[in-house]
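To start, the structure itself, in structure tokens.
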Amino acid sequence: MRLLITAGPTREYIDDVRFLSNASSGRMGFALAEAARDLGHQVTLVCGPVALSPPAGCDFVPVETTDEMHQACLAAWPECDGAIAAAAVCDYRPLRRSTGKLKKTGQSLLLELVETTDVLAELGRQKGSRFLIGFALESQDARPNALRKMRVKNCDAIVLNHVSAINSDDNEIELLTSDGMLRGAWHGTKKEVGRRLIEWISTRFGSAPE
């Protein structure tokens, strides 16, 4: 199979030097890409800014903003059999980006935010016969929120994890499918969890590499 995998954070700039982002390290997405590669699958890894070296043997597409990730994913999607959206994409961006560097004025500054493009939802709208696995990082009402996200984004399965996974070497996940069933619950290093998830995907959606 050829897999599209997203990883890392995105950045949304306030001015030319400041941005909104999150603490995603990209390790989970990289672990998935490496596990898929090791099982013989072809991988396109679309990744936001991280302090990791691109995994050998994968097509690596570096991006920075949510719009850039959106465009890179749409470009790769037609040639893929499925996608795993592990990136921590910014949900909001500043309505206006200031030129240069904002200076202190002694006054309060109001920052108006608007929603970014929904990369996962767009992949879901264009899915067709392909499969789509989403990630849901939840801290409250975790499973109901993850199931809701899976339905709204037209995913075949959702990986539920928690805020403790951010910038950590370890992860604890639950894998839920569109019928509401729990298909796996794994804990360990992100490499171990990534391997288990890719093995499940290979079995569920077809393991024969091209």
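The values are calculated or read from the model by the stated rules, or taken from the named source; none is laboratory data. What you are looking at is a predicted structure, and each value in this text was computed from that prediction instead of being measured. Methodologically, a virtual Cβ is constructed for each residue, glycine included, from the backbone with ideal geometry; neighbour enumeration extends over all protein chains shown.
Structure values in brief
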| read-out | value |
| --- | --- |
| Residue check for V89: touching a His at 6+ places or on another chain (Cβ under 9 Å), surrounded by 15 or more Cβ atoms within 10 Å (Cβ to Cβ) and β-branched (V, I, T) | yes |
| Verdict on I158 being closer than 18 Å to I84 by Cβ, out of contact with any strand residue (DSSP E or B) (no Cβ under 7 Å at 6 or more places or on another chain), modelled with pLDDT of 95 or more and of a type in the set (A, V, I, L, M, F, W, C) | no |
| R11 in contact with a strand residue (DSSP E or B) (Cβ under 7 Å, 6 or more places away or on another chain), closer than 16 Å to I198 by Cα and at pLDDT 95 or above | no |
| Exclusive hit being surrounded by 13 or more Cβ atoms within 10 Å (Cβ to Cβ), among the hydrophobic types (A, V, I, L, M, F, W, C) and farther than 15 Å from A7 by Cα, set L52, L32, L102 | L102 |
| Meets criteria (part of a strand (DSSP E or B), farther than 21 Å from A136 by Cβ and without any contact (Cβ under 8 Å) to a residue 60 or more places away in the chain) for V114 | yes |
| Residue match in the range 183-197 (condition: under 20 Å from P9 (Cβ atoms) and free of Cβ contacts under 8 Å to residues at least 24 places away in the same chain) | no |
| Single match in K153, K103 (criterion: among the basic types (K, R) and out of contact with any helix residue (DSSP H, G or I) (no Cβ under 8 Å at 6 or more places or on another chain)) | K103 |
| Hits in the range 39-65 - residues which are in contact (Cβ under 8 Å) with a residue 40 or more places away in the chain and of a type outside the set (A, V, I, L, M, F, W, C) | G40, H41, Q42, T44, G48, P49, E64, T65 |
| Long-range neighbours under 7 Å by Cβ, at least six apart or interchain, first residue among the hydroxyl-bearing types (S, T, Y) within the range 85-102, second modelled with pLDDT of 95 or more and not in a strand (DSSP E or B) | Y92/T116; S98/I14; S98/D15; T99/D16 |
| In the range 50-68, the residues that are closer than 13 Å to A87 by Cα and of a type in the set (S, T, N, Q) | T65, T66 |
| Those strands (runs of 3 or more DSSP E) lying entirely in the range 122-191 with at least 3 residues more than 27 Å from A72 (Cβ to Cβ) | 170-177, 182-189 |
| Residues that are surrounded by fewer than 24 Cβ atoms within 10 Å (Cβ to Cβ) and small (G, A, S), drawn from the range 1-23 | S21, A23 |
| Sole residue being of a type in the set (K, R) and either crowded, with 16+ Cβ neighbours inside 10 Å or under 19 Å from G26 (Cα atoms) (or both), chosen from R143, R130 | R130 |
| Selected residue [touching a Gly at 6+ places or on another chain (Cβ under 6 Å) and polar (S, T, N, Q)] from N161, N154, N145 | N154 |
